[in-house]
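The values are calculated or read from the model by the stated rules, or taken from the named source; none is laboratory data. Predicted, not measured: the structure shown is a model, and the values here were computed from it. Heads up, the Cβs are rebuilt from the backbone with ideal geometry, glycines too, and the neighbour counts pull from every protein chain shown. All accessible areas refer to the heavy atoms of the entire protein, side chains included, with ligands and DNA or RNA removed. Shrake-Rupley method; radii C 1.70, N 1.55, O 1.52, S 1.80 Å.
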Amino acid sequence: MFDTLKDWCWELERTKGNMKYKAVSVNEGYKICERLPAYFVVPTPLPEEDVQRFQGHGIPIWCWSCHNGSALLKMSALPKEQDDGILQIQKSFLDGIYKTIHRPPYEIVKTEDLSSNFLSLQEIQTAYCKFKQLFLIDNSTEFWDTDIKWFSLLESSSWLDIIRRCLKKAIEITECLEAQNMNVLLLEENASDLCCLLSSLVQVMMDPHSRTRTGFQSLIQKEWVMGGHCFLDRCNHLHQSDKEEVPVFLLFLDCVWQLVHQHSPAFEFTETYLTVLSDSLYIPIFSTFFFNSPHQKDTNTGRESSDTQSKPLNLLSVWDWSVQFEPKAQTLLRNPLYVEKPKLDKGPRKGMRFKHQRQLSLPLTQSKSSPKRGFFREETDHLFKNLLGKRISKLINSSDELQDNCREFYDSWHSKPTDYHSLLLPHIEGPEIKVWAQRYLRWIPEAQILGGGRVATMSKLLEMMEEVQSLQEKIDERHHSQVLLPAEAPCLLRNSTRLSSLFPFALLQRHSSKPILPTSGWKTLGDEEDLAKREDEFVDLGDV
């Protein structure tokens with residue numbers, strides 16, 4: 001849950017980041033900054049007094065460490081000042097901060113300014129508003145009218161393009177961490193929106209632990225809940241400010257769904273897990289996705305409240321799935337196709353450490369230092385310049401070359417067999433980015449597939465898994481009691497012989513009225529009047 005110092009220390013130890021970074025409790029009781037969590041991680045050389053100078057702004061906060069020693073950091077920007085004296089103080093402060101995280105030759109930092117060089121929150125909100133209009137359909141007539149121009153409307157919304165851009169940026173950051181062994185610093189105004197999005201995506205791609213249910217929950221707690229994402233404003237739970245409403249977390253879940261859809265065996269959870277998580281985001285009974293900051297949560301739930309007369313809010317945690325689902329329904333959140341991680345012997349571990357040492361051994365290259373680089377203005381050792389000449393050129397050259405390097409990295413990964421417990425990159429070509437059908441199309445009967453499609457296969461796998469588990473339990477009981485038990489094993493979904501493609505959210509109980517002809521051909525015929533004016537038939541959604 002990352003609400004104690006012990007949790008942060010455990011994460012540092014798990015990712016081997018405790019050699020260069022430390023967990024601090026300087027904000028305990030939120031005495032320095034209400035925006036930051038009570039505990040977080042900073043670079044070891046950074047004095048804790050620096051955190052207090054600008055109330056946590058301008059401080060590089062650790063997100064995650066890669067196996068090769070590089071790290072992902074985020075930083076909130078310092079407040080904009082017009083006074084020259086204050087500006088000079090800020091510049092000198094930032095210079096000192098950068099010296100703690102940018103220490104050549106082995107620690108080089110690449111800064112990603114997300115506030116100016118990436119998506120804006122307004123772009124995300126505008127695209128989503130257009131996108132969701134495609135699914136707000138009242139009747140069959142409106143559905144078939146929309147179906148004619150479905151792809152053009154989908155493209156004009158730009159929602160899938162925004163997903164592609166987020167995945168592409170995450171791949172670029174991954175390339176810097178994995179291939180170039182650079183630290184990456186994400187910079188944003190408050191480091192609570194796009195920083196959360198990209199840092200989470202990078203970890204899902206690079207860390208197999210984040211692709212388990214426990215790890216994914218921890219990731220959301222660490223990067224979003226404790227990272228200070230403004231759920232109350234971004235989801236507009238109180239309907240007070242439409243200007244602040246932006247579906248950043250939903251965009252993250254949509255990006256993760258693309259990965260789950262493309263690499264299902266790599267994830268312990270299913271798309272149903274992501275769908276119910278996105279539903280929980282807009283149900284204001286869970287403390288997880290209701291507050292703007294950990295301080296606001298603790299204040300309103302009674303942890304930090306000094307007013308003993310007021311009654312604290314008693315909200316549930318979204319991670320207690322038993323509150324929402326029965327045990328049988330919870331099995332739909334577990335992926336039966338998940339490939340368990342094999343137990344590694346000592347050989348591969350030694351190889352990984354050797355790989356780390358080789359990456360630190362940089363080639364000697366002679367290159368003339370460019371005055372634009374400016375990384376070693378105070379460095380007198382020319383050996384460092386020679387060692388890093390090639391590495392720096394990758395960093396300061398044009399963005400086209402950086403994209404070429406990223407493309408080479410991307411193509412090289414996809415040309416090899418996929419290791420589901422290592423680095424995982426999505427396909428980002430046009431046709432590969434798809435609509436999250438289970439979330440957006442589940443209440444439109446015309447869009448459902450008779451027979452269930454992929455979900456029918458998934459349900460059969462769940463049946464087999466439950467039957468095997470039940471038989472195993474009976475075998476164990478028999479060994480202990482030596483009593484012959486009935487041979488019948490209950491199956492979870494045995495009675496659900498007819499499913500829709502959007503099970504468990506919609507159970508199709510009728511034949512679809514979708515025409516066999518393409519919509520363009522159907523419109524040219526004369527019987528569109530009858531189809532368009534046909535009354536909607538009753539659809540039993542079942543006991544969900």
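Please pick out the residue among 446, 432 that is under 24 Å from residue 278 (Cα atoms), open to solvent by less than 30 Å² (accessible area, probe 1.4 Å), in contact (Cβ under 8 Å) with a residue 40 or more places away in the chain and among the acidic types (Asp, Glu).
Of 446, 432, the one residue that is under 24 Å from residue 278 (Cα atoms), open to solvent by less than 30 Å² (accessible area, probe 1.4 Å), in contact (Cβ under 8 Å) with a residue 40 or more places away in the chain and among the acidic types (Asp, Glu) is 446.
How many residues are surrounded by fewer than 20 Cβ atoms within 10 Å (Cβ to Cβ) and at pLDDT 90 or above when one looks only at the stretch 35-45? Full working, then the answer.
Of the residues in the stretch 35-45, the ones surrounded by fewer than 20 Cβ atoms within 10 Å (Cβ to Cβ) are 44-45.
Those still in the list that are at pLDDT 90 or above too: 44.
Final tally of qualifying residues: 1.
Residue 141 versus (1) open to solvent by less than 30 Å² (accessible area, probe 1.4 Å); (2) out of contact with any Phe, Trp or Tyr (no Cβ under 8 Å at 6 or more places or on another chain); (3) β-branched (Val, Ile, Thr): which is the lone unmet condition?
(1)
Kindly indicate the residue of the stretch 415-444 that is at pLDDT 85 or above and part of a helix (DSSP H, G or I) and also nearest to residue 142 (Cα to Cα) among those meeting that condition. Break it down into steps so the answer makes sense when it comes.
Taking the stretch 415-444 and keeping what is at pLDDT 85 or above, we get 415-429, 431-444.
Checking the rest, the ones that are also part of a helix (DSSP H, G or I) come to 431-432, 437-440.
Working: 431: 26, 432: 28, 437: 18, 438: 20, 439: 20, 440: 16 Å.
Applying the filter and picking the extreme gives 440.
Spot the failing condition for residue 150; the list is (1) open to solvent by 70 Å² or more (accessible area, probe 1.4 Å); (2) without any contact (Cβ under 8 Å) to a residue 60 or more places away in the chain, and only one is missed.
(1) is the only condition that residue 150 fails.
Please verify whether residue 168 is under 18 Å from the mean Cα position of the chain (by Cα) and not acidic (Asp, Glu), treating the condition exactly as stated.
On the way: under 18 Å from the mean Cα position of the chain (by Cα): yes; not acidic (Asp, Glu): yes.
Yes.
Being of a type in the set (Asp, Glu) and surrounded by fewer than 21 Cβ atoms within 10 Å (Cβ to Cβ) is the requirement here; does residue 161 meet it? So that I can check it myself, show each step before the final result.
Details: of a type in the set (Asp, Glu): yes; surrounded by fewer than 21 Cβ atoms within 10 Å (Cβ to Cβ): yes.
So residue 161 fits the description; yes.
Does residue 410 count as aromatic (Phe, Trp, Tyr) and either in a helix (DSSP H, G or I) or open to solvent by less than 60 Å² (accessible area, probe 1.4 Å) (or both)? Before you say what the answer is, go through the steps one by one.
On the way: aromatic (Phe, Trp, Tyr): yes; either in a helix (DSSP H, G or I) or open to solvent by less than 60 Å² (accessible area, probe 1.4 Å) (or both): yes.
It is true that residue 410 is aromatic (Phe, Trp, Tyr) and either in a helix (DSSP H, G or I) or open to solvent by less than 60 Å² (accessible area, probe 1.4 Å) (or both).
Identify, from the list 402, 485, 507, 492, the residue that is at pLDDT below 85, open to solvent by less than 90 Å² (accessible area, probe 1.4 Å), within 27 Å of residue 146 (Cβ to Cβ) and of a type in the set (A, V, I, L, M).
Working: 402 fails: within 27 Å of residue 146 (Cβ to Cβ); 485 fails: within 27 Å of residue 146 (Cβ to Cβ); 492 fails: within 27 Å of residue 146 (Cβ to Cβ).
After ruling out the rest, the residue left standing is 507.
Please determine whether any residue of the stretch 52-59 is open to solvent by less than 20 Å² (accessible area, probe 1.4 Å) and under 24 Å from residue 220 (Cβ atoms).
Of the residues in the stretch 52-59, the ones open to solvent by less than 20 Å² (accessible area, probe 1.4 Å) are 56, 58-59.
Keeping just the survivors that are under 24 Å from residue 220 (Cβ atoms) gives 56, 59.
For the stretch 52-59, residues open to solvent by less than 20 Å² (accessible area, probe 1.4 Å) and under 24 Å from residue 220 (Cβ atoms): present.
Collect the residues in the stretch 112-138 that are in a helix (DSSP H, G or I) and within 16 Å of residue 188 (Cβ to Cβ), keeping them in residue-number order. I'd like the intermediate steps shown before the answer.
Filtering the stretch 112-138 down to residues in a helix (DSSP H, G or I) leaves 114-117, 121-135.
Selection gives 114, 115, 116, 117, 121, 122, 123, 124.
Considering (1) touching a helix residue (DSSP H, G or I) at 6+ places or on another chain (Cβ under 6 Å); (2) within 30 Å of residue 413 (Cα to Cα), say which one residue 229 fails and leave the rest.
The one condition residue 229 does not meet is (2).
Can you work out which of the residues in the stretch 267-282 that are part of a helix (DSSP H, G or I) and in contact with a Leu (Cβ under 8 Å, 6 or more places away or on another chain) is nearest to residue 426 (Cα to Cα)? Spell out how you get there, then give the answer.
Pass one, the stretch 267-282, residues part of a helix (DSSP H, G or I): 271-281.
Right, trim to in contact with a Leu (Cβ under 8 Å, 6 or more places away or on another chain) and you get 272-274, 276-278, 281.
On the way: 272: 20, 273: 19, 274: 17, 276: 23, 277: 21, 278: 21, 281: 25 Å.
Per the stated criteria, the residue is 274.
Restricting to the stretch 126-163, name every residue that is among the hydroxyl-bearing types (Ser, Thr, Tyr) and modelled with pLDDT under 90. Give the derivation first.
So in the stretch 126-163, the residues among the hydroxyl-bearing types (Ser, Thr, Tyr) come out as 126, 128, 140-141, 146, 152, 156-158.
Correct list: 140, 141, 146.
Looking at residue 269, is it of a type outside the set (Ser, Thr, Tyr), at pLDDT 95 or above and on the phi < 0 side of the Ramachandran plot?
Working: of a type outside the set (Ser, Thr, Tyr): yes; at pLDDT 95 or above: yes; on the phi < 0 side of the Ramachandran plot: yes.
Yes.
Does the stretch 283-294 contain at least one residue that is open to solvent by less than 40 Å² (accessible area, probe 1.4 Å), under 13 Å from the mean Cα position of the chain (by Cα) and closer than 22 Å to residue 325 by Cβ?
no
Is it the case that some residue within the stretch 97-113 is without any contact (Cβ under 8 Å) to a residue 60 or more places away in the chain, open to solvent by 30 Å² or more (accessible area, probe 1.4 Å) and aliphatic (A, V, I, L, M)? So that I can check it myself, show each step before the final result.
As a first pass, look at the stretch 97-113 and keep what is without any contact (Cβ under 8 Å) to a residue 60 or more places away in the chain: 97-100, 103.
With open to solvent by 30 Å² or more (accessible area, probe 1.4 Å) added as a condition, the list becomes 98-99, 103.
Checking which are aliphatic (A, V, I, L, M) leaves us with none.
Checked against the condition, which is being without any contact (Cβ under 8 Å) to a residue 60 or more places away in the chain, open to solvent by 30 Å² or more (accessible area, probe 1.4 Å) and aliphatic (A, V, I, L, M), the stretch 97-113 yields no hits at all.
Return a yes/no flag: does the stretch 242-253 have any residue that is closer than 27 Å to residue 422 by Cβ, open to solvent by less than 10 Å² (accessible area, probe 1.4 Å) and more than 13 Å from the chain's Cα centre (by Cα).
Narrowing the stretch 242-253 to residues closer than 27 Å to residue 422 by Cβ: 249, 251-253.
Within this subset, residues satisfying the condition of being open to solvent by less than 10 Å² (accessible area, probe 1.4 Å) are 249, 251-253.
Within this subset, residues satisfying the condition of being more than 13 Å from the chain's Cα centre (by Cα) are none.
No, the stretch 242-253 has no match at all.
What single numbered condition from (1) out of contact with any strand residue (DSSP E or B) (no Cβ under 6 Å at 6 or more places or on another chain); (2) in a loop (DSSP other than H, G, I, E, B); (3) buried (at least 20 other Cβ atoms within 10 Å of the Cβ) fails to hold for residue 32?
Of everything listed in (1) out of contact with any strand residue (DSSP E or B) (no Cβ under 6 Å at 6 or more places or on another chain); (2) in a loop (DSSP other than H, G, I, E, B); (3) buried (at least 20 other Cβ atoms within 10 Å of the Cβ), residue 32 misses just condition (3).
Just name the residue that is farthest from residue 43 (Cα to Cα) out of those in the stretch 183-227 that are of a type in the set (S, T, N, Q) and in contact with a His (Cβ under 9 Å, 6 or more places away or on another chain).
The first filter runs over the stretch 183-227 and keeps only residues of a type in the set (S, T, N, Q), leaving 183, 190, 192, 199-200, 203, 210, 212, 214, 217-218, 221.
The next check asks that each one be in contact with a His (Cβ under 9 Å, 6 or more places away or on another chain); those that pass are 183, 190, 192, 203, 218.
On the way: 183: 12, 190: 19, 192: 19, 203: 19, 218: 21 Å.
Of everything passing the filter in the stretch 183-227, 218 is farthest from residue 43 (Cα to Cα).
Could you count how many residues in the stretch 11-29 are open to solvent by 60 Å² or more (accessible area, probe 1.4 Å) and part of a helix (DSSP H, G or I)? First the steps, then the outcome.
Residues of the stretch 11-29 open to solvent by 60 Å² or more (accessible area, probe 1.4 Å): 13-14, 16, 18-20, 28.
Of the ones still in play, those that are also part of a helix (DSSP H, G or I) are 13-14, 28.
Selection size over the stretch 11-29: 3.
For the stretch 323-343, give me each residue that is at pLDDT below 90, open to solvent by 60 Å² or more (accessible area, probe 1.4 Å) and not in a loop (DSSP other than H, G, I, E, B).
Residues satisfying the conditions are 323, 327, 328.
Any residue at all in the stretch 283-303 that's modelled with pLDDT of 90 or more, of a type outside the set (A, V, I, L, M, F, W, C), in contact with a Gly (Cβ under 6 Å, 6 or more places away or on another chain) and part of a loop (DSSP other than H, G, I, E, B)?
Checked against the condition, which is being modelled with pLDDT of 90 or more, of a type outside the set (A, V, I, L, M, F, W, C), in contact with a Gly (Cβ under 6 Å, 6 or more places away or on another chain) and part of a loop (DSSP other than H, G, I, E, B), the stretch 283-303 yields at least one hit.
Looking only at residues that are among the charged types (D, E, K, R) and under 15 Å from residue 176 (Cα atoms) in the stretch 90-112, which one is farthest from the chain's Cα centre (by Cα)? Before you say what the answer is, go through the steps one by one.
To start, the set of residues in the stretch 90-112 that are among the charged types (D, E, K, R) comprises 91, 95, 99, 103, 107, 110, 112.
Right, trim to under 15 Å from residue 176 (Cα atoms) and you get 107, 110, 112.
Details: 107: 26, 110: 21, 112: 18 Å.
Once the filter is applied, the top-ranked residue is 107.
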